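Input: a single structure, listed below in structure tokens.
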Amino acid sequence: MRYLSTRGHPDRRRFCEILLEGLAPDGGLYLPERYPQVDAATLERWRKLPYAELAFEVLSLYIDDIPPADLRALCAKTYTEEVFGTEDIVPLRELEDGVYLEALSNGPTLAFKDMAMQLLGNLFEYELARRGEELNILGATSGDTGSAAEYAMRGKKGVRVFMTSPDGRMSPFQQAQMFSLQDPNIHNLAIEGVFDDCQDIVKAVSNDLEFKRKYKIGTVNSINWARLLAQVVYYFAGYFQATGSNDQKVSFAVPSGNFGNVCAGHVARMMGLPIHQLVVATNENDVLDEFFRTGVYRVRGAADTHETSSPSMDISKASNFERFVFDLLGRDAAKARALFEGELGQSGRFDLSADPVFAGASARFGFVSSRSTHADRIATIRDTDKRFATLIDTHTADGLKAAREHLTPGVPMIVLETALPIKFAASIVEALGHEPDRPARFVGIESLPKRVTRLPKDVDAVKRYISQHCD
């Protein structure tokens, strides 16, 4: 299996090369040259597998430069009841007729990002040891990626983490999860700006090839293909739990900010998983909803990026969107480069509304979308608690509202849960009048000493910090 850049770089790389590299040299994102196809017989064989074995089977289709025995061991080490709190790893429960919640937040940091990040930490440690090298991970987070990455990488040999986040834009619990870590290989950088500014800094550093090579910069954001690949697995796991046979279709509703989570669903669907619709659920930062309704992708500036009660989705530049657009364009790298480097870079928007590829996008790729407001989230949390005695967080509420707007009779709708409610306690109090339950290990976390450095919205400032802490 070889990987190519969405922007046409001539090199083809193997998995372990792009695992450590992140962005392609031309600023594009890596995708496999082809999506392996999964037939009905394979689905039937996978249906009863434990999650770790299912992960091995899916990953094996994309990873051929790690010996199978080693890859199986890495999956078995990652997906355990001890780490994820349940033997099922991602248990599914029916909320109402035809609507299911897939629990993805049982990991160490109580968010779905753990599903991929725990594996990524083990992959990094394995490959770096094999090469005798070190890696400096530079990431950007709007909330959950940062803590998931830091908890997965803390104490890992050969790995340092430099995690940027928008100063003051995460919930107190999310900040405490990250900033209370005292591990010497973990560095928290609070940037004076919004998430998109942090993401721009990560991309700018990654595109400085001399700096990237000198300091061995890698990424853990979903621009890293390995992150996204690990997320493909739970689409298969959810499908198997919601269906009894492989001729059934399901739909997934996915709270979406950076497009990584739902892009994993796109990959699963391209592989042949019988997915009817992929429902992109957005909040007031609705750049993705606008695109799927109109064909216009219009990035907002920092001043127009709303601070909402589902803050992990407060994003207006969806990095992984480029992967889908590449497929939408028939894998025309020149056209993708013209859109993302040319039109988007110059005017902050591009328009595919008149392009024939957009007219058939929903039917061909299954994408539909929805938008939620704060009032919608509070109402959905309140209603779900009252009718089903189930407490959900604000992002999952965005997903549930979107799911109900796109139900198809006879097709199960699976809502991907994104985080436990304690991470967004203020909204739960507003909706229900009481604090959500808190796991014992996180009692008093907000009062722990914090280790964080505040920096301006400046690429060079971040580079200086990295160089000072690597030399």
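The values are calculated or read from the model by the stated rules, or taken from the named source; none is laboratory data. Small disclaimer: the values here were computed from a predicted structure and weren't measured. No Cβ is skipped: glycine too gets one built from the backbone with ideal geometry, and neighbour counts run over all protein chains shown.
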| query | If residue 383 passes every condition in (1) surrounded by fewer than 18 Cβ atoms within 10 Å (Cβ to Cβ); (2) at pLDDT 95 or above; (3) touching a strand residue (DSSP E or B) at 6+ places or on another chain (Cβ under 9 Å) but one, which one does it miss? | reply | (3)
| Taking into account only those residues within segment 448-464 that are touching a residue at least 12 places away in the same chain (Cβ under 8 Å) and not in a loop (DSSP other than H, G, I, E, B), which is surrounded by the most Cβ atoms within 10 Å (Cβ to Cβ)? | 462
| task | From (1) more than 20 Å from residue 406 (Cα to Cα); (2) in contact with a helix residue (DSSP H, G or I) (Cβ under 8 Å, 6 or more places away or on another chain), pick out the condition that doesn't hold for residue 389. | result | (2)
| Is it fair to say residue 58 is in contact (Cβ under 8 Å) with a residue 60 or more places away in the chain, closer than 24 Å to residue 259 by Cα and part of a loop (DSSP other than H, G, I, E, B)? | no
| task | Select from segment 18-47 the residues that are charged (D, E, K, R) and touching a residue at least 24 places away in the same chain (Cβ under 8 Å) and write down the one among them that is nearest to residue 338 (Cα to Cα). | result | 26
| Name the residues in segment 423-438 that are exposed (fewer than 12 other Cβ atoms within 10 Å of the Cβ) and in contact (Cβ under 8 Å) with a residue 60 or more places away in the chain, would you? | none
| Considering only residues of segment 27-52 that are in a helix (DSSP H, G or I) and among the small types (Gly, Ala, Ser), which is surrounded by the fewest Cβ atoms within 10 Å (Cβ to Cβ)? | 41
| message | All but one of (1) at pLDDT 95 or above; (2) crowded, with 23+ Cβ neighbours inside 10 Å hold for residue 190; state the number of the condition that does not hold. | response | (2)
| What number of residues within segment 170-182 satisfy the criterion of being touching a strand residue (DSSP E or B) at 6+ places or on another chain (Cβ under 9 Å) and either surrounded by fewer than 23 Cβ atoms within 10 Å (Cβ to Cβ) or closer than 22 Å to residue 123 by Cβ (or both)? | 2
| said: Just to check your reading of the model, which residue among 20, 4 is crowded, with 20+ Cβ neighbours inside 10 Å and part of a helix (DSSP H, G or I)? | reply: 20
| query | Picking from 350, 326, which residue would you name as being over 23 Å from the mean Cα position of the chain (by Cα) and in the same structural domain as residue 293 (by TED's automatic domain parsing)? | reply | 350
| So, of the residues in segment 364-380 that are out of contact with any strand residue (DSSP E or B) (no Cβ under 8 Å at 6 or more places or on another chain) and either at pLDDT 95 or above or among the β-branched types (Val, Ile, Thr) (or both), which turns out to be nearest to residue 430 (Cα to Cα)? | 378
